[in-house]
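*Asks:* Below: one structure in structure tokens.
None of the figures in this text is laboratory data; all of them are computed from the coordinates on show. Worth saying up front: this structure is predicted, and the values here are computed from it rather than measured. Glycine also receives a Cβ, built like all others from the backbone with ideal geometry; neighbour counts cover every protein chain displayed.
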Amino acid sequence: MNLFSPTATLSHPAGEFTTTDALRDFYQSVVFAGQAVTEIQARFTDGDTEILQIRASSPFGEPGNYVHAADVFSIRDGLIERLDIYYR
């Protein structure tokens with residue numbers, strides 16, 4: 001949570017999360033609960049914007065079944081101000 005600014009927003013297909021508690025709950029109930037194993041496949045930087053192309057899997061899913069995501073980070077003063085997550 002130390003990576004996010006106190007006013008950070010996370011936009012995800014599951015919803016929009018705008019408080020520190022909501023961000024923490026999202027990571028605990030979605031990312032950590034699914035035991036996501038991620039691999040960064042590409043990284044792009046443009047000023048204060050960082051885009052990561054990610055391949056993820058879970059031990060709870062079918063072997064070889066991956067989710068492909070693009071995470072778009074807006075960074076201000078060294079902290080994540082906004083994170084938009086898109087996946088297929």
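*Asks:* One-quarter of the Cα convex hull surface for the chain, in nm²? Before the final figure, lay out each step's value.
*Replies:* Working: hull surface 22.8 nm².
For the chain, averaging the hull's shadow over all directions gives 5.7 nm².
*Asks:* Looking at the chain as a GNM with Cα springs under 10 Å, which of GLU50, GLU62, GLU39 has the largest mean-square fluctuation?
*Replies:* Per the Cα network of the chain with a 10 Å cutoff, GLU62 tops the list.
*Asks:* Given +1 on the Cβ of Lys and Arg, -1 on the Cβ of Asp and Glu, and no further charges, what dipole in debye does region 4-87 carry about its Cα centre, rounded to the nearest 20? Display every interim value, and only then the final one.
*Replies:* Numbers: 5 positive and 12 negative charges, 33 e Å.
Rounded to the nearest 20 debye, it is 160 debye.
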